[in-house]
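Only the coordinates and a few stated rules stand behind these numbers; no lab work does. Values in this document were obtained by computation on a predicted structure and should not be read as measured data. Note that each Cβ is placed from the backbone with ideal geometry, even for glycine, and that neighbours are counted across all protein chains shown.
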């Protein structure tokens, strides 16, 4: 397993002013955790060649030091993991609930509205011939209204609960606009992830609810017609999506609009073409794209971007900095977990992922679930793909004549586990991998004798 920003053989002690007041050993601990948020206390003790009692004394010093805490969260290669996912999940309590296997209403719920998909992307795990019977379209509308109506609205960020996405394209559901409007009228920030192919001017006229979104993220599968076709197997995928993005921005005022692009192995140089694409979109719209998300592929058996390509990306990301500063300063670029260190000149390694035998048998519905038009509740984001072989093992219930609350509560209280099999790791997206690593880390720390609530990171 690739670690972030350190090897067990050598660790250079930072001279950063935040932690120079600490002992050399405490500095090393801070740096290890800052660069690898998933490192266990057992591994730290082994690296320092000390026992748990001595390490416990060190971590208490670090835990009670404000400058050390700031360093861990904001000055290492793992910053994106800390700020984007770990700290928010700690703050809302869902991660602790999952670790302790206690009931909590899901922090995030994916609404999988899609009925079919017109693309055949080579990295997608869906069954390419799968589609829902149209009879489920109205049923799905009722399902999603039910979920919205039954939401307890009890936690701090309840209005950010829902993400409309899925293994099938959400726009293929003719009730999508109505679902969005229904959620917005009840106080939710409705967010949509889409390939955008169907979002034409005519589609927007027929589905006015599309303008009730809080945010929408369009997925680009190439940087020109040729590269997009290689991924999607659809001749019009690139040009039409670009046109639709431009039209959507020009027809809306208050919706945050973003573009997502996955860096596949051998295609790091294409990021330069992506910059040109964003430049073109922004030149044709009344306001620039709000955000661009760059991601690394997390699919099963993926061949990660090479070390050499990552070095090249460091140079390319400098070009993005210049582009943002000098031309489109309001367009935010988000590089995700593993690419963010490259922005700061650190080639820290690829995405942190679990192997199939490291998957959490209890899963973590307290953190996130996904619900499709049938009302089936899935515990992993990439398992909610219709007719994906083996994925039905990760259905924990159905909300017909029930609720998300009841399904999750019954699953947790039953102490049911799902024994993972080698193909199952493909059901996890990048977020699921991170949560899995954290739960495994917390349970190992407990066994080692330094539980999270007594460990070096105060927010845990």
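DSSP finds beta bridges in the chain, and of those with both partners inside it, around 15 percent are antiparallel.
Just grab the label-to-label distance for residue 358 and residue 415, each label 7 Å out from Cα along the Cβ direction, in nm (one decimal). Here the answer is 2.7 nm between the modelled labels.
Between Rg and the Kirkwood Rh of the chain, both from Cα atoms, what is the Rg to Rh ratio?
0.97
Based on the convex hull around the alpha carbon atoms, the stretch 193-244 presents an average projected area of 3.6 nm².
Relative to the dominant Cα principal axis of the chain, helix 404-413 is inclined by about 40°.
Can you give me the angle between helix 52-63 and the longest principal axis of the chain, using Cα atoms only, in degrees from 0 to 90, rounded to the nearest 10? In the chain, helix 52-63 runs at an angle near 60 degrees to the longest axis. Ranking of 438, 22, 313 by neighbouring Cβ atoms within 10 Å, starting from the fewest: 22, 313, 438. The label-point distance for residue 48 and residue 67, in a model that sets each label 7 Å from Cα toward Cβ, rounds to 1.8 nm. How would you classify the stretch 253-403 from its alpha-carbon gyration tensor, with a ≥ b ≥ c the square roots of the eigenvalues: rounded for a/c under 1.5, else prolate if a/b is greater than b/c, otherwise oblate? Verdict is oblate for the stretch 253-403.
The ranking of 30, 117, 124 from fewest to most other beta carbons within 10 Å of each one's beta carbon is 124, 117, 30. What does the convex hull of the alpha-carbon atoms of the stretch 184-316 project to on average, in nm²? With every direction weighted equally, the projected area is 9.3 nm². Fewest-first ordering of 200, 113, 20 by other beta carbons within 10 Å of each residue's beta carbon gives 20, 200, 113.
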